[in-house]
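Before any comments, here is the structure.
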Amino acid sequence: MTQLTPYRKVAKAALMRWNELADEEALKAVKESSFDKLEGQVYATDSMTTAVKAIGKMLNYSDKKTQALLDATFSKENVEPTKEDLEVFVNVADDFAKIANKEDAIFDILTSIHDGWVADNAKKFNQEGREGRRYQHFPIEMIGWEEATSDLMFVEPILNYLGVKVDKAKLQERYYERVADFLEANGFADENGLDNDKIAEAIMKGSKFYKPFNDEKNLVTDQKLALEIAGQMEGKIPQEALDFVKGSQK
C-alpha cells in the first residue's frame, strides 16, 4: 500500500471532495501527477504552509527547523515520504507529544489558517451571491463547528505523521468550550443567551474587534447589516456551546 506524503494525502482528499473522484481515481492522480499539476487543482499549499508554521511556532522552532518540516510535508518530487522526511516527522512527533492539550493545539492551527483566509479573501466579503456568508470573515469561534473544522483536511495528514490521531468528539467538545469562553470574554452571551446587539457593535469595529478583518474594503457602518451578520453567526452557535457559558447550566 502506498504511503503518500502529507501533501499528496491532502490532494487525494481534495480531489475526492471537490472533483468527486472515486478513491482509486484520486489515488492514481496523486501518484502520477506532478506537484505543480496537483497544486493547480487543489490549491493546498497556502493552508498547509500556514499549518506547518503554526506548529513550528508552538514548538518554538527556528526558521531552519520549521523549513525542514515544510520540506518533509510537501516533499514535492516524491509520492511517498523519503527516509529523511520520515526522520523529520519522528523528531517533530517527539516534541509535539509534549503538548498537553492536543485539541487546543489543533484549534490554534485551524485558527491560523482561518485568519489567513480572512486576510487573503477580503474581496469575497461583498461579493455578489455571498451575502449570506459574511459571517465567515470573523473569528473562528463565530463560524460554527462544520466550517471551523473544514480546514482539518489540510492539517490532519500532517498530524498523523506526528503521531496524532484526531479525536473528533473531543475536538468538538473543546470547540464548544472555546466558543463559550469567547462569548463570555466579549460579553456576547450569558445565561439568557446571545446578545446580537453587542455582537453587531463588535462587527462594526472591524479590525479593532478582529485583526485580520479588512477595514479599508469591508468596514460595516450600517447597524442593520451588522445585525444581519450577527444573525448569521447566531445560526452557527449551537445550544451545546451556549451550555458551557458560565451560569447557563441548570
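The values are calculated or read from the model by the stated rules, or taken from the named source; none is laboratory data. Remember, predicted model here, so these are calculated numbers, not experimental data. Virtual Cβ from ideal backbone geometry, glycine too; neighbours counted across all protein chains shown. To get the accessible areas, we keep the full protein, side chains included, count just its heavy atoms, and leave off ligands, DNA and RNA. Shrake-Rupley method; radii C 1.70, N 1.55, O 1.52, S 1.80 Å.
Annotations
- Principal axis extents of the C-alpha atoms in the chain (largest first, rounded to whole Å): 55, 41, 35.
- Summed side-chain charge close to Thr73 - residues other than Thr73 whose Cβ falls under 12 Å, Lys, Arg +1, Asp, Glu -1: +2
- Computed with a 1.4 Å probe over protein heavy atoms only, the accessible surface of the chain comes to 54 Å² per residue.
- What a 1.4 Å probe finds exposed on the range 1-68 is 48% carbon and sulfur by accessible area, rounded to a whole percent.
- Count Lys and Arg as plus one, Asp and Glu as minus one, and take only other residues whose Cβ is under 13 Å from that of Ala54; the net charge is then -3.
- Seen from a random direction on average, the alpha-carbon convex hull of the range 116-173 projects onto 4.8 square nanometres.
- Whole-angstrom gap from the range 1-29 to the range 61-102, using each part's C-alpha centre: 21 Å
- Dividing the convex hull volume of the alpha-carbon atoms in the range 17-72 by its residue count gives 99 Å³ per residue.
- Computed over the range 101-250, the range of Cα coordinates on each principal axis works out to 48, 41, 25 Å, biggest value leading.
- Across the alpha-carbon atoms of the range 156-224, the computed radius of gyration and Dmax are 16.9, 48 angstrom.
- Rh (Kirkwood; distinct C-alpha pairs) - the range 69-133, Å: 15.0 Å
- Under the Debye formula (equal points on every Cα, no solvent term), log10 I(q)/I(0) of the range 1-129 at q = 0.13, 0.18, 0.20, 0.23 Å⁻¹: -0.63, -1.09, -1.23, -1.36
- The fraction of accessible area contributed by carbon and sulfur in the range 117-164 is 38 percent, rounded to a whole number (1.4 Å probe; ligands and nucleic acids excluded).
- Computed with a 1.4 Å probe over protein heavy atoms only, the accessible area of Met204 comes to about 60 Å².
- Among the trypsin sites (Lys or Arg not before Pro) within the range 52-143, those in coil by DSSP and having at most 15 neighbouring Cβ atoms inside 10 Å are Lys76, Lys98, Arg130.
- All C-alpha pair distances within the range 1-45, sorted into 10 Å bins from zero, spread as 32, 63, 5 percent across the bins.
- The helix-based estimate of mean residue ellipticity at 222 nm for the chain, built from -39,500 (n - 2.57) per DSSP H run of four or more residues and divided by its residue count, is -18000 deg cm²/dmol to the nearest 500.
- Of all lysines in the structure, the ones whose alpha carbon falls short of 26 Å from that of Lys76, not counting any fewer than 8 places away in one chain, are Lys9, Lys12, Lys28, Lys31, Lys37, Lys53, Lys57, Lys64, Lys65, Lys165.
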